[in-house]
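Here the structure comes first, spelled out in structure tokens, and everything after it is commentary.
The values are calculated or read from the model by the stated rules, or taken from the named source; none is laboratory data. Bear in mind that the values here come from a model prediction, so they are computed numbers and not experimental data. Note that we place each Cβ from the backbone using ideal geometry, even for glycine, and neighbour counts take in every protein chain shown. Only protein heavy atoms, including side chains, enter the accessible area calculation; ligands, DNA and RNA are left aside. Shrake-Rupley method; radii C 1.70, N 1.55, O 1.52, S 1.80 Å.
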Amino acid sequence: MSRQLLQQSKEWVKAIEGNIAVTPVHELIVALSGFDLIHRIAFRTPASSAFIGGCYLKSFNERMRGNMLISDTDLYSAISDRIQFRDKAFFDKPLQWQCLTSSEWYNECKSTGKFLNSSLEQSLHKARILLDKDLFAFTGRNQEQFKRMLSDHYLPSIIVNGTENAETLKAKLAFLRSNRQRFNSIRQAYTIEQNLLTALMQSADTHQLDRIAYSLDAQFKTHLAEAM
């Protein structure tokens, strides 16, 4: 089974590389999600920095030309990824854009802890990013106070209510997994996470392969909880 998965991983990496030229620009960042990790597992080496960086720069330039199909939160995370890997191509205009975007997001929610001009999906992504970021330049010594206000506003909103689409459910799951330490108990976070995974499995707009992945994820979490 391990050998089969390894071979499938190699084929997936090669398929991404072979089809990247015809992948719509607004789908590049999502298409490369997990690419470096799978490449490391399949070939025991990091993915090409030039390959990933080139795709992300292409997305950045397209977004700067006004392509609103490229999510600002996806682009922000992609730029953060390349900066973390010391990719010099991202230390000019992409970094400037990221700093300006950080300021814009902070100013939008600094008084109320709420993003007034965004969908819940995008608000959760923005809040997750700001909660993970050092905001001292904006908040000074009040950083933890601001982050507490932000998390207090959005933590209750990640409860499953039965009306969300798959993208909103995924945003809720990502927010939860980045902020487990902010819950009152491990059990509370576990219960909400399992409910989100179940909702994603049952959502009509969840891709079939994603549905399988969420099912495996939920089973693993159940076994892990029983073992503990």
>> At R0 = 35 Å, how high is the FRET efficiency between Lys221 and Gln7 if r is their beta carbon distance? Nearest 0.05 is fine.
In response: 0.80
>> If the elastic network links every pair of Cα atoms under 10 Å, which of Met201, Met149, Met68 fluctuates the most in the Gaussian network model of the chain?
In response: Met68
> If you roll a 1.4 Å probe over the range 1-91 with all protein chains in place, what percent of the accessible area is carbon or sulfur?
Replying inline: 55 percent
> Past the 21 Å Cα-Cα mark, which pairs from Lys58/Lys170; Lys114/Lys170; Lys93/Lys170; Lys58/Lys172; Lys147/Lys221; Lys14/Lys172?
Replying inline: Lys58/Lys170; Lys93/Lys170; Lys58/Lys172; Lys147/Lys221; Lys14/Lys172
> Considering only protein heavy atoms, what per residue accessible area in square angstrom results for the chain with a 1.4 angstrom probe?
Replying inline: 59 Å²
> Carbon and sulfur atoms: what percent of the 1.4 Å accessible area of the range 146-204 do they account for?
Replying inline: 51 percent
> Quick one: Karplus J couplings for the range 25-40, per residue in order, coefficients 6.51, -1.76, 1.60, θ = phi - 60°, nearest Hz, x for Gly and Pro?
Replying inline: 4, 6, 9, 4, 5, 5, 4, 8, 4, x, 4, 5, 4, 5, 4, 5
>> Using the crude model of +1 on Lys and Arg Cβ and -1 on Asp and Glu Cβ, and no other charge, please compute the dipole size for the range 1-91 relative to its Cα centre, in debye to 20.
In response: 320 debye
